[in-house]
Protein chains: 2
Amino acid sequence: MAVLGIDLGGTKLSLGVFKETGEIIFKQTAAIENRGGREVANLIDEQIRKILRTHENIQSIGIAVPGIYHEKTGTVWAPNIPGWSDYPLLRQMEKVGDIPVTIDSDRACYILGEAWMGNAKNCNHAIYLAVGTGIGAGILVDGKVLRGAHDIAGAIGWMALQQPFERKYIDVGNFEFHAAGEGIARVAKELLSKQEDYKGVLAQKDPGSITSHDVFAACDQRDELAIEVLQVCIRFWGMAVANLISLFNPEKIILGGGVFGPAVKFIPAIKDEADKWAQPISKKQVSIEPSALGTDAGLYGAALLALQRIKPQ
Amino acid sequence: MAVLGIDLGGTKLSLGVFKETGEIIFKQTAAIENRGGREVANLIDEQIRKILRTHENIQSIGIAVPGIYHEKTGTVWAPNIPGWSDYPLLRQMEKVGDIPVTIDSDRACYILGEAWMGNAKNCNHAIYLAVGTGIGAGILVDGKVLRGAHDIAGAIGWMALQQPFERKYIDVGNFEFHAAGEGIARVAKELLSKQEDYKGVLAQKDPGSITSHDVFAACDQRDELAIEVLQVCIRFWGMAVANLISLFNPEKIILGGGVFGPAVKFIPAIKDEADKWAQPISKKQVSIEPSALGTDAGLYGAALLALQRIKPQ
């Protein structure tokens, strides 16, 4: 028996065939290129059919989508896929084979993946804080993904962590504005424009082109401005982790996404910041760790969706 | 058939006999006075026996405790009851009659009460933000109380909402420091000591004796300093509400506890503040309301614990 896990990203589609033990026996990716709307679903359909032909023992399919999955309607909101504001993905995928299909958001799949085969193994209360271009959280409560009343729980990028409110937070939220990948670059640019006598590494760059990776690289070279930018981020990450600890009393908080990555080395500093703020008993009961599965967390989570569907736990 | 709900507070014990429809058919209270340790449990025992003699149809008992209930061990941590750092309440209560006993924290019972017979009726995703001397939250996820890995989820008084960290937050947390009943009085005193030329209502008081009620009363008289103190609170309350909306995507947030009460009139201002920060779709899906049950929320919740035990829903 095997299951098929599918992770639909913004630029590529990953597919993995898993044994029920969690072992990957086949994996491939396909570029999404300029596809939108139905073309993306057709690409998934086509890739599934190919794999089903060569792996006849697949009994269930799980799909992670980059946005929100509405469980009641089977539709997907994915801001980076043109035409997917309420796309009926479930209906279309159920026609592919005579096999059950289960869909959930990427952040839900990240924490499911880590709880199944990563650093949150065997945890029933665990949170995956995904910091990439944006910020979101996959939250496991009693072994089940926290969905909320309308499937959009875990929108932690909107967390309020610094007073007073400023108009610049309107589009992405206070936490994401300061501490997501784009936020890191944005804060660096803001500081650069204010510090005219700064002559460090980042001054060599065209300010418009600075990315979070430039800031991390400059920090490695002990650049003052980069260090200042990342100290602000560490404070935000630490406060967000603290708030998750106080509210959820989890066993594990996993830091993942593209930024963790290079920010993994700051986890001790993030713990120190979280330690200041969090509920004093809860903070001793939680372990804060990097993702074990990296870019495959969503794929593992999608495979677990598939597996749970046919073997309820 | 009837159930017995018991709300153990810091100063008194409330007991109510409920029909399964939620109607209270008998209610009484007993003062705790200077009791501690086993004497408090003996008082509960004695009161239960009395009520069982006159209400023979009671089939289940629920108890709300002012602190943390550890489900696995049946023990209670209640900071305001001397000797209750890990008190084996369940074992003792199960001996009272041949009737099942269910215990949970007061904040869990508040939201259960509101979901059963109050302003969160029929909600599966609802939060009770209890602002009294301290601050806590009872959180309902899929109709079940969020407990966390070790029963201390909902410790929202520790929420980090204002940078940077200051040592004064160590004992109670950033949110509670500023916006609980004691916090309101504390912030007023801080401001008073700094504003030497202030001649308003609060200047007539002995600064050491100022309570949150004095601040609310002064605010009603349009006292500048009191208004300033409460504007800070409204910002903290609004940010906390916003963070609950973004993380949990709930149907309802109920504002209760001793402070709501007098702060109920600020709910529109709190909504306005929350509106600035919260996830933009989630904030349209939530309703923010005062408690319908007031000081009886815990009693109703305890009765529902009792009822759910014998009629699983």
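Ordering B:Ile310, B:Ser246, B:Met93 by the projection of their Cα atoms onto the charge dipole of chain B, which places +1 on the Cβ of Lys and Arg and -1 on the Cβ of Asp and Glu, puts B:Ile310 at the extreme positive end. Axis-proximal residue of chain A for the rotation onto chain B, reported as residue and distance in whole Å: A:Val141, 3, based on Cβ position.
For the protein assembly as shown, the mean residue ellipticity at 222 nm estimated from helices alone is -11500 deg cm²/dmol, where every DSSP H run of n ≥ 4 contributes -39500 (n - 2.57) and the total is divided by all residues, rounded to the nearest 500.
By other beta-carbon atoms within 10 Å, ranking B:Leu299, A:Leu15 with the fewest at the front produces A:Leu15, B:Leu299. The same position B:Lys199 in the other copies lies at 5.8 nm from this copy, comparing label points 7 Å beyond Cα toward the beta-carbon, shortest first. Across the identical copies, the label point of A:Ile24 (7 Å from Cα in the Cβ direction) is separated from its matches by 6.0 nm, in order from shortest.
Rg/Rh for the stretch B:126-290 stands at 0.99; both radii use Cα atoms, and Rh follows the Kirkwood definition.
Using the basic label-point model (7 angstrom from Cα toward the beta carbon), what is the A:Ile170 to A:Gln204 distance in nanometres? Spacing of the two 7 Å Cα→Cβ label points: 3.9 nm. Look at A:Val76, B:Val141 and count the other Cβ atoms within 10 Å of each Cβ; fewest to most, that gives B:Val141, A:Val76. Normalised by 2.2 N^0.38 Å, where N is the number of residues, the C-alpha radius of gyration of the stretch A:156-246 stands at 1.11. Note on chain A: with a GNM built from Cα contacts shorter than 10 Å, the maximum mean-square fluctuation among A:Ile281, A:Ile103, A:Ile270 falls on A:Ile281. May I ask you to derive the FRET efficiency for A:Glu46 and A:Gln221 from their Cβ-Cβ distance with R0 = 56 Å, giving the value to the nearest 0.05? So the FRET efficiency works out to roughly 0.75. Label positions at B:Gln92 and A:Glu56, each projected 7 Å from the Cα along the C-beta direction, are separated by 6.8 nm. Excluding same-chain neighbours fewer than eight residues apart, the lysines reachable from A:Lys199 by a Cα-Cα span under 20 Å are A:Lys189.
Taking each of B:Lys121/B:Lys265; A:Lys72/A:Lys95; A:Lys168/B:Lys168 in turn, the alpha-carbon distance tops 27 angstrom for A:Lys168/B:Lys168.
Look at the stretch A:138-149: the mean tally of other chain Cβ atoms within 10 Å of its residues' Cβ atoms is 5. Beta bridges assigned by DSSP with both partners in the stretch B:126-290 are antiparallel in approximately 45 percent of cases.
Note on chain A: with a GNM built from Cα contacts shorter than 10 Å, the maximum mean-square fluctuation among A:Asn80, A:Asn34, A:Asn174 falls on A:Asn34. Here the label points at A:Lys72 and A:Asp142, each 7 Å from Cα along the C-beta direction, are separated by 2.1 nm in the simple model. Once you reduce the stretch A:6-72 and the stretch A:193-237 to the center of their Cα atoms, the two points are 38 Å from each other. Of all DSSP bridge pairs formed entirely within chain A, close to 55 percent run antiparallel. Given R0 = 30 Å, the distance between the Cβ atoms of B:Glu228 and B:Thr11 translates into a calculated FRET efficiency of 0.40.
Placing unit charges on each Cβ (+1 for Lys and Arg, -1 for Asp and Glu) gives the stretch A:126-290 a dipole about its Cα centre, and among A:Ala149, A:Trp277, A:Ile184 the Cα reaching farthest toward its positive end belongs to A:Ala149. In units of the rule-of-thumb radius 2.2 N^0.38 Å, the protein assembly as shown shows an alpha carbon radius of gyration of 1.03. Position B:Gly83: other-copy label points at 7.3 nm, ordered by increasing distance, label point 7 Å along Cα→C-beta. Applying the Kirkwood pairwise sum to the alpha-carbon positions of the stretch A:89-217 produces a hydrodynamic radius of 17.5 angstrom. Residues considered: A:Ala153, A:Ala185, A:Ala30. Largest GNM mean-square fluctuation over chain A, using C-alpha springs under 10 Å, is found at A:Ala30.
Averaged over the residues of B:245-257, the number of partner chain Cβ atoms lying within 10 Å of the residue Cβ comes to 5.
Can you run phi through the Karplus equation (6.51, -1.76, 1.60; θ = phi - 60°) for the stretch A:8-14 and list ³J(HN,Hα) in whole Hz, with x for Gly and Pro? With coefficients 6.51, -1.76 and 1.60, one gets 8, x, x, 10, 9, 10, 10 Hz. Around the Cα centre of the protein assembly as shown, unit charges on the Cβ atoms of Lys, Arg, Asp and Glu (plus for the first two, minus for the last two) sum to a dipole of about 880 debye.
Averaged over the residues of peptide B:271-284, the number of Cβ atoms from other protein chains lying within 10 Å of each residue's Cβ is 4.
Residue exposure proxy: B:Met93, A:Met239, B:Met1, ordered by other Cβ atoms within 10 angstrom of their Cβ from fewest to most, comes out as B:Met1, B:Met93, A:Met239.
Each reported figure results from applying straightforward, stated rules to the coordinates on display, with no laboratory input. The model shown is predicted, which means the values in this text are computed figures rather than measured ones. Note that we place each Cβ from the backbone using ideal geometry, even for glycine, and neighbour counts take in every protein chain shown.
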